[in-house]
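Structure, as structure tokens:
The values are calculated or read from the model by the stated rules, or taken from the named source; none is laboratory data. For clarity, every value in this text was computed on a predicted model and none was experimentally measured. Here the Cβ is made from the backbone with ideal geometry for all residues, glycine too, and neighbour counts use every protein chain on show.
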Amino acid sequence: MTFHSRQDTAAALDAQLGELDLAGRLALVAGLSGRAVFTTSLGIEDQVITAAIGLDRLDIEVSTLETGRLFQETVDLIGETEERFGLAIRRFRPDPADVEDFAAKYGINGFYESVEARHACCHVRKIVPLGKALEGASVWVTGLRRSQSGNRANTPFAEYDAERNLIKVNPLADWSIDDINAFVEAESVPINPLHARGYPSIGCEPCTRAIKPGEPERAGRWWWENDEKRECGLHVPDAAIPSLNSSSL
Ligand code: SF4
């Protein structure tokens, strides 16, 4: 796909995907030319997508970012999911030298001290490995949903990601948490046991807490920061994160 055709394809897909169910959406994506990569955090919505890919044996790679700071429950779920759906999940890990550089500058848990340090840690442990996972891909599938947070309220089914020059597809954009739970139950999808302990959204262990009743789904992520739009940078352009570049390490 050329630069322009990816833009055009993304616009056409965005219009088409809303008419299909999840299996149809993913089958359409799998049939596009080029490599499609789904990046999973092993969260409940990502488990739904992995299940749909595995059950229909779709030609979509499943990859995850093993940051080195995940909950043990999350790490265990990777293997359990591979076994359940008979697929291989590719692991992408941070470069040890980058982690050492981060620790020397900020301290290994320096992400609590400033937004700059937190973005620098996410850069080393997530953004750089994500770049490797998406290398050469033409389509990036994610589990983003509109109702996860105000920041995600306008999530399209498909869009052109100019920064990475690929088509980003969000096949669960219009799904509610009730839709997710119903699918999980119907297909006996293995999920992270932390969800039942008050963690609707699960990231790295030191940066995720359980939420209180009535709090938004993502309130437990980087809870010590005040910015309502806080994200790790995976789903926002670099330009929106001032400190997110190698020079901040
Ligand atoms: S979520 Fe926390 S530990 Fe994980 S990469 Fe980001 S700052 Fe580092």
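Just checking, which of Lys132, Lys126 is under 19 Å from Ile89 (Cα atoms), in contact with a Ser or Thr (Cβ under 7 Å, 6 or more places away or on another chain) and touching a residue at least 24 places away in the same chain (Cβ under 8 Å)? Explain how you work it out, then say what you get.
Numbers: Lys132 fails: in contact with a Ser or Thr (Cβ under 7 Å, 6 or more places away or on another chain).
Being under 19 Å from Ile89 (Cα atoms), in contact with a Ser or Thr (Cβ under 7 Å, 6 or more places away or on another chain) and touching a residue at least 24 places away in the same chain (Cβ under 8 Å) holds for just one of Lys132, Lys126, which is Lys126.
Can you tell which of Glu113, Glu73 is farther than 23 Å from Val141 by Cα and within 14 Å of the ligand (Cβ to nearest atom)?
Numbers: Glu73 fails: within 14 Å of the ligand (Cβ to nearest atom).
Result of the check over Glu113, Glu73: Glu113.
Only one of these is closer than 24 Å to Gln72 by Cβ and at pLDDT 95 or above: Cys232, Cys204. Name it.
Details: Cys232 fails: at pLDDT 95 or above.
Going through Cys232, Cys204 in turn, the sole match is Cys204.
Check whether at least one residue in the range 23-37 is more than 17 Å from Pro129 (Cβ to Cβ), within 16 Å of the ligand (Cβ to nearest atom) and either among the aromatic types (Phe, Trp, Tyr) or surrounded by 19 or more Cβ atoms within 10 Å (Cβ to Cβ) (or both), and report yes or no.
no
Just checking, how many residues over the range 211-224 are within 16 Å of the ligand (Cβ to nearest atom) and surrounded by fewer than 16 Cβ atoms within 10 Å (Cβ to Cβ)?
Residues meeting the conditions: 2.
Could you say whether any residue in the range 175-197 is modelled with pLDDT of 90 or more, within 16 Å of the ligand (Cβ to nearest atom) and either within 22 Å of Ala120 (Cα to Cα) or surrounded by 15 or more Cβ atoms within 10 Å (Cβ to Cβ) (or both)?
Kept after step one, since they are modelled with pLDDT of 90 or more, are these residues of the range 175-197: 175-197.
Next cut, within 16 Å of the ligand (Cβ to nearest atom) only: 192, 194.
Next cut, either within 22 Å of Ala120 (Cα to Cα) or surrounded by 15 or more Cβ atoms within 10 Å (Cβ to Cβ) (or both) only: 192, 194.
Within the range 175-197, one or more residues are modelled with pLDDT of 90 or more, within 16 Å of the ligand (Cβ to nearest atom) and either within 22 Å of Ala120 (Cα to Cα) or surrounded by 15 or more Cβ atoms within 10 Å (Cβ to Cβ) (or both).
Could you say which residue among Glu45, Glu66 is in contact (Cβ under 8 Å) with a residue 24 or more places away in the chain, within 18 Å of Glu135 (Cα to Cα) and within 14 Å of the chain's Cα centre (by Cα)?
Working: Glu45 fails: within 18 Å of Glu135 (Cα to Cα).
From the options Glu45, Glu66, the qualifying one is Glu66.
Taking the condition in contact with a Phe, Trp or Tyr (Cβ under 9 Å, 6 or more places away or on another chain) and not hydroxyl-bearing (Ser, Thr, Tyr), does Pro200 pass?
Numbers: in contact with a Phe, Trp or Tyr (Cβ under 9 Å, 6 or more places away or on another chain): no; not hydroxyl-bearing (Ser, Thr, Tyr): yes.
The answer is no for Pro200.
Just for helices (runs of 4 or more DSSP H) wholly inside the range 58-163: which have at least 2 residues that are small (Gly, Ala, Ser) and surrounded by 14 or more Cβ atoms within 10 Å (Cβ to Cβ)?
Numbers: elements: 72-85, 96-106, 115-122, 128-134.
Ranges flagged: 115-122.
Looking at the range 184-217 only, could you name the residues that are of a type in the set (D, E, K, R) and not in a loop (DSSP other than H, G, I, E, B)? If you could, list the steps in order and put the result at the bottom.
Step one: filter the range 184-217 for residues of a type in the set (D, E, K, R), giving 185, 187, 197, 205, 209, 212, 215, 217.
Listed by number, the residues that qualify are Glu185, Glu187, Arg197, Glu205.
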